[in-house]
Amino acid sequence: MKKVFIIGAGGVSSVTVQKMAMLKDDFNQIILASRTIKKCKVIKDLLKRKFNMDICIEELDADNTNEIVKLLKKYKPDIVLNLALPYQDLTIMEACLNEKVNYLDTANYEPKNEAKFEYKWQWDLHTNFTKKGIMALLGCGFDPGVTNIYTAYAKKYLLDKIEYLDILDCNGGDHGQPFATNFNPEINIREITAKSKHFDNGEWKIGEPLNKKINFNFPEIGFRNMYLMYHEELESLIKNFPEIKRARFWMTFGDDYLNYLNVLKNVGMTSINPIDYNGTKIIPLKLLKRILPDPGSLGKLTKGKTCIGNILTGLKNNKEKTYYIYNICNHTKCYKEVGSQAVSYTTGVPAMIGCMLILKKIWYRHGVWNVEQFDPDPFMKYLNIHGLPHHLVELKNKIEF
Ligand code: NDP
């Protein structure tokens, strides 16, 4: 009997736990721990009502390694799924090392006081994980996650050599709110307001945030403006596929969204530097997060689809070929199935699949790994079965933008 210990009880976690409950034979013992026990209780009650499944819940501050260790000693799980925030990656990994427990997350480590995402801190733990005889799987959501697996799939079946990679993330959904983010507002805004960065001919090119815009016709959605940004999977993909000449990440934003964001940024509300308010230290971005709608509450309101995928150009038998691999996810269908919008769904399902592959030892190797370092076949198979099927089209020409 395998035990899964999940940390975090937000939008993504709720989807992962429900998807696990649909596969009771594989996931028969779940412990859910998070900072606010009330949120764990909501998920626990939902599971009982919907699936007649009992889970254990615990209050936990995952910034504190000792607290995590205490609970790991109590439950002795086979794996920890970190579905809290990127700030907790290292404390949770340390606790896993201490108790020899496998680890999985969906976002790379980021220090609280600096908006800087990098795999370095987690990759540095590779030797320790290897020595302890356990594994860590990093970035097992959609992007990072499925977009990395699409790249590995392209390398295995479509192209001998990948030369140009563009990852396109389009949320064509509408929730009718003046301003709200699709996932944790603090993490989301830190990401969007960071400088853009892409890989080109052996070096990183850095630019002002969102300074390059392309109007792209997304399948089943239509034309949307997408902006060049930095996203963490670029770092691991250029390391694991060193033949890539250019790697870029694009995300769509509506004009209204950007206008609100600019105003908030210009008045200082997106800053992570503490200010003094009547003797209390306040981080403006954290205050903003408290005011904005909880992304978990947007499920019912959000209509439309997401389209996330990769355009890859490279050589097959010395001939240039271009492919577009993508998934379309419908917000309304996700809400019907698990009470969440598609952004939580597209992250929560891959996290469940990664966990299943580790527990079944289909993907199992000691050390710290990114998902593209494993065989894409079983993951692609389970994505098709569990709600995130892919589309594959060959494009006539390399896309020029
Ligand atoms: P939410 O904010 O909805 O949920 C985060 C949860 O973590 C909350 O329950 C929160 O508790 C809990 N938490 C935060 N800090 C701590 C702590 N110190 N100790 C214990 N629990 C804590 O976020 P999402 O569900 O939207 O996102 C979850 C993760 O998924 C994030 O890391 C995000 O970056 C990542 N993500 C990855 C994507 C991908 O495609 N790879 C896409 C979208 C998200 P509380 O309720 O008290 O705030």
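Where a number appears in this text, it was derived from the coordinates with a stated rule and is not lab data. Please read all numbers here as calculations on a predicted model, not as lab measurements. Ideal geometry is used to build each Cβ from the backbone, glycine not excepted, and the neighbour counts take in all protein chains shown.
I want the local charge near LYS245. Using Cβ-Cβ distances under 14 Å, sum +1 for each Lys or Arg and -1 for each Asp or Glu among the other residues. Could you put the intermediate results ahead of the total?
Working: positive: LYS161, LYS205, ARG246, ARG248, LYS398; negative: GLU163, ASP166, ASP200, GLU203, GLU243, GLU320.
Summing Lys and Arg as +1 and Asp and Glu as -1 gives -1.
Would you mind telling me which residue in PRO378, PRO274, PRO86 has the biggest mean-square fluctuation in a Gaussian network model of the chain, where springs connect alpha carbons within a distance under 10 angstrom?
Greatest mean-square fluctuation among the candidates belongs to PRO274.
Rg and Dmax of region 361-401, using alpha carbons, in Å: what are they?
Taking only Cα atoms of region 361-401, I get Rg and Dmax of 14.8, 41 Å.
Run a plain Debye calculation on region 3-138 (Cα atoms as equal point scatterers, no solvent) and give log10 I(q)/I(0) at q = 0.15 Å⁻¹, rounded to two decimals, same order as the q list.
-0.69
Describe numerically, in nm with one decimal, the distance between label points set 7 Å from Cα along Cα→Cβ at TRP204 and at HIS366.
Once both label points are built, they end up 3.2 nm from each other.
Which FRET efficiency value, to the nearest 0.05, do you get for ASN66 and LYS212 by plugging their Cβ-Cβ distance into 1/(1 + (r/R0)^6) with R0 = 30 Å?
Details: r = 45 Å, r/R0 = 1.51.
Once rounded, the FRET efficiency stands at 0.10.
Which one, SER340, SER196, SER297, has the greatest fluctuation when you compute a Gaussian network model over the chain with C-alpha springs under 10 angstrom?
Highest fluctuation among the options: SER297.
Which pairs break 29 Å Cα to Cα here: LYS38/LYS73; LYS213/LYS303; LYS39/LYS305; LYS213/LYS336; LYS19/LYS76?
LYS213/LYS336
Rg and Dmax of the chain over Cα atoms: what are they, in angstrom?
20.3, 68
Can you return the lysines within cross-link range of LYS212? Criterion is Cα-Cα under 23 Å, with same-chain partners fewer than 8 residues away left out.
LYS116, LYS195, LYS197, LYS245, LYS265, LYS398
Over region 3-138, calculate the relative contact order: mean separation of alpha carbon pairs under 8 Å at least 6 apart, over the residue count, as a percent. Please report the intermediate quantities before stating the final value.
Working: 228 pairs, mean separation 30.2, N = 136.
Relative contact order of region 3-138: 22 percent.
Can you pick out the pairs among LYS316/LYS381; LYS333/LYS396; LYS41/LYS74 whose Cα atoms lie more than 21 Å from each other?
In this structure, LYS316/LYS381; LYS333/LYS396 exceed 21 Å between Cα atoms.
For region 111-267, divide the Cα radius of gyration by the Kirkwood radius and give the resulting Rg/Rh value with two decimals.
Numbers: Rg = 17.1 Å, Rh = 17.4 Å.
Ratio of gyration radius to Kirkwood radius for region 111-267: 0.98.
Quick one: if you take sqrt(5λ) for each eigenvalue of the C-alpha gyration tensor of region 1-79, what semi-axes come out, biggest first, whole angstrom?
Numbers: eigenvalues 78, 44, 18 Å².
After diagonalising the Cα gyration tensor, the semi-axes are 20, 15, 9 Å.
Can you sort GLU400, GLU232, GLU243, GLU208 so the residue with the fewest Cβ neighbours within 10 Å comes first?
GLU400, GLU208, GLU243, GLU232
With θ set to phi - 60°, apply the Karplus curve 6.51 cos²θ - 1.76 cosθ + 1.60 along region 260-271 and write out the HN-Hα couplings as whole Hz, x wherever there is a Gly or Pro.
4, 4, 4, 4, 4, 5, 5, 8, x, 6, 9, 6
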